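As structure tokens, the structure follows; a few thoughts come after it.
Please treat every number below as a calculation from the coordinates, not as lab data. Computed from a predicted structure; not experimentally measured. Cβ placement follows ideal geometry from the backbone for every residue including glycine, while neighbour counts extend to all protein chains displayed.
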Amino acid sequence: MKSAVFYGRHDLRIEESKKPEIRSNEVLIKVMACGVCGTDVHIFEGDKGAAEVTPPTILGHEFAGVVEEVGAEVSGVAVGDRVCVDPNDMCGKCDYCRGGIGHFCEHMIGIGTTINGGFAQYCAVNYKQVYHLADTTSFDEGAMTEPVACSLHGIDMSEITPGSVVAVIGGGMIGQLMIQLSRLAGAHKIALLEPVAVKREMGLKLGADCAVDPLHEDVSAFFKANGIGRINTVIECAGLPSTVAQAVQIAGKKSVVMMFGLTKPDDEVAIKPFEIFQKEVVLKASFINPYTQQRALDLINSRRLDVASMVAECAPLSALPDILSKPELRAKGKYIIHPWED
């Protein structure tokens, strides 16, 4: 089968791999769509993502497809089912799992990080990680379930209540999801801070009330002109030290700053503790997708969430090395890989 194998920093090879053989508790999925994630970029650049990657490994953790084989112990999943996958397989036995915070599992299996993933024509997974797509949900949309699930965990921690004022920093795919989820959570007004015009336009289409270019406009003056007073929640989605610092700066009193964007592991942010003290700001971060995969898929299946508008392009596996290595391509938006295309 065709696959994208990571051998080390800046070394991703499109090559033939052996088709996986399934165990009794696994299903074989014919992968129809696999999203390119910021974590994949971090791994390609030699940085740590949510989990350690030991080369050679087939990357890809946001994927959907068709069940082609099922093991003897599998129940509730049949050949021909259209499914997506939760890539984070918890052991269920360690102290973190038994304590209800399984996303910190000491023995986590990460499909597409610690074991082979979805940037391939086939992938074998434990059947308990499989979720069913509605007939009306495309494979491209289904592949977006994992990033939505991660975003839902961040929203759950952001303390948004009906009537809240929310600022989202960064209008990439995650920022566009956060705009929609903030609206569903009850936000009264949502502001998007994003330097790229087409992303600001997309944010306005998907639910932001106003959008500002923070590099060329006075953000404080913009907020005043648009009737934005105290901001209850700031969701930082760009993953830059400068935007994390900006999130603290624009946060209102008694507010939450959700540091959702993934910075490089060694990045540091200069903050003024006295400013946090004066405003009683709570700084939070969100780690992967604990127990949110089904909720995310329900939102996609029911069409309560638009996950298609921010997809820039669908591409074959052969295009993946360029996508991972060229920021100018990724700046266009979300990429979905179709492993069966030429």
So the label point goes 7 Å from the Cα of E328 along Cα→C-beta, right? Which residues of region 176-215 then have their backbone N under 19 Å from it?
196-199
Given the convex hull of the Cα atoms of the chain, what is a quarter of its surface area in nm²?
17.1
As straight-line cross-link partners of K2, the qualifying aspartates and glutamates (C-alpha separation under 15 Å, not fewer than 8 residues apart within one chain) are E15, E16, E341, D342
Reachable lysines from K254, Cα under 27 Å, same-chain residues fewer than 8 places away excluded?
K189, K224, K272, K279, K284
Zone of R9's modelled label, taken as backbone nitrogen in region 32-47 under 14 Å from a point 7 Å along Cα→Cβ
42-47
If you wrap a convex hull around the alpha carbons of region 151-285, what volume per residue comes out, as a whole number of Å³?
98
Would you mind calculating the gained length between D266 and N226 on full extension (0.36 nm times residue separation, minus the Cα-Cα distance), in nm to one decimal?
10.7 nm
Leaving out same-chain residues fewer than 8 places away, which aspartates and glutamates sit with a Cα under 12 Å from that of K93?
E106
Sort region 1-137 into rounded, prolate or oblate with this rule: let a ≥ b ≥ c be the square roots of the eigenvalues of the Cα gyration tensor; rounded if a/c is under 1.5, and if a/c is not under 1.5, prolate when a/b is larger than b/c, oblate otherwise.
oblate
Stokes-Einstein D (µm²/s) once Rh is taken as the Kirkwood radius of region 21-70 over alpha-carbon pairs, at 20 °C in 1.002 mPa s
171
MRE, 222 nm, helices only [DSSP H, n ≥ 4, -39500 (n - 2.57), over the chain, to nearest 500]:
-7000 deg cm²/dmol
Over the chain, what relative contact order in percent results from Cα pairs under 8 Å that are six or more residues apart?
19
How tilted is helix 145-157 with respect to the longest principal axis of the chain? Cα atoms for both, answer in degrees (0 to 90, nearest 10).
40
How much FRET efficiency would the formula 1/(1 + (r/R0)^6) give for R98 and D47, where r is the Cβ-Cβ distance and R0 is 30 Å, rounded to 0.05?
0.45
